[in-house]
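I have a structure here, written as structure tokens, and I will follow up with some questions on it.
A short reminder: the numbers here are calculations on the coordinates, not readings from a lab. Since this is a predicted model, take the numbers as computed values, not measurements. Using ideal geometry, Cβ is built from the backbone for each residue, glycine included, and neighbour counts are taken over all protein chains shown.
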Amino acid sequence: MVAALTTVLAGALPAASTATAATTADGPTARPAPKVELVLDVSGSMKARDIDGQSRMSAAKQAFNDVIDAVPEEVELGIRTLGADYPGEDKARGCKDTRQLYPVGPIDRTEAKAAVATLSPTGWTPIGPALLGAAEDLDGDDGGSRRIVLISDGEDTCGPLDPCEVAREIAAKGVDLVIDTLGLVPNAKIRQQLSCISDATGGTYTAVQHKDDLSDKVKQLVDRAADPVVTPVPVEGAAACAEAPKIEPGLYTDRQPLGTHRWYRVDVLPGQELRASVSVAADRPLADDYGVLLRAVTAHGRELVRGSEAGSGRTDVISSGLRHPERERPDADGGEPAATPVCLEVSNSFAAASAKAADASAPGMPLELTVDVVDGPDDASDTAAFGLGRGWWLLGVLVLAGFLGGLIFGWLSRWRFAVWRTH
């Protein structure tokens, strides 16, 4: 239900999104070119020959060549390496070993392939510094979508700069930048770190063990960058309904620290229906039991409707949604009816997995709030009835069946007792 609601709301968002084409007085304005930077691990471990009988480095080079041949014309592509130049044992130098191999821009396929061909597995695995460098490579104010695709076969070897913290800092800046990660080794620690990096920015993690799968997945991620997207609008929710910021129908993003509430206000006219959904991303180690709550209340604190979802175990995103129809009412002065302010409260029951994780609670977990206001349903049966929606009749059938079943059972019991006494 939540997935369907989110799809409906996303389809109803204003067409004037910064990620779609706009029309001005001077004519149509093209959508900013999407930018992608491929970040490749070229550390010494990439020499291992465990991907279809060839080395990890060879499989990665083949995937890059396939992507360079297939990259859409509208996508600006760049390539950055980590661990490609310094083969020594000096950690300070090894952890600075990241550079841009090919600048982000319109692709010259021959030049890009020639640059990839020069790579050879060499040094350390400075994932954190490479992500910071890639974010700077993609920096810009043109409003276009940006994506980092990280391909690695190992954990970061350049602590204490934690790649997960780096990804959270990038996400906290509110830029439209997504990090996808591909792991070449099915290792639990590697999976945990790469998943943490991708979760922090709303990206994806994929374990890849075959060269064809690697090529297909990288091409899929690059193609995805070219798809039109709706850019969420940053908003900061208040700690109480009275101070809540007023928001219009659209897609919003915020940060919610553990153990806090976020409030937002939406004006709903009589005869309209408010539809809202919220998604909270688990971008850090958290306790197993969790939940998210979305409530709609009046300005005086009376609850109108709520939606909640809970679970246990690992999750990437947890979502919930609600619908609230505002009933028609005549205006006393015969004029236009006034809008009713409805406050949306977002809260969660996530808990830190450890005391150390609790100390590093900032920035808050990313949440995405989708809001839409539509004309209310004409059919009264489409509105909530007794909190059950269209399912009230099923409850009535069950009650009636239980009543009749009780009568029949009682009659049979009395009949059997009477027969026993007779004989």
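Where does region 204-335 land on Rg(C-alpha)/(2.2 N^0.38 Å)?
1.41
Plugging the Kirkwood radius over Cα pairs into Stokes-Einstein for region 67-111, at a temperature of 37 °C and a viscosity of 0.692 mPa s, what D comes out in µm²/s?
269 µm²/s
Let me ask something else. For region 186-280, how big is Rg over Rh, using alpha carbon atoms and the Kirkwood form of Rh?
With Rg and the Kirkwood Rh in hand, the quotient comes to 1.12.
Let me ask something else. Taking 27 Å as the cut-off for C-alpha to C-alpha distance, list the pairs among Lys91/Lys189; Lys113/Lys173; Lys47/Lys173; Lys96/Lys211 that go past it.
Lys113/Lys173; Lys47/Lys173; Lys96/Lys211
Further, regarding this structure: Within a Cβ distance under 10 Å of Leu367, other residues only, what is the Lys/Arg minus Asp/Glu net charge?
Taking every other residue near Leu367 into account, the sum is 0.
When all C-alpha to C-alpha distances in region 92-153 are sorted into bins of 5 Å, what percent of pairs does each bin hold, rounded to whole numbers?
Reading the bins upward from 0: 3, 13, 22, 24, 21, 11, 4, 1.
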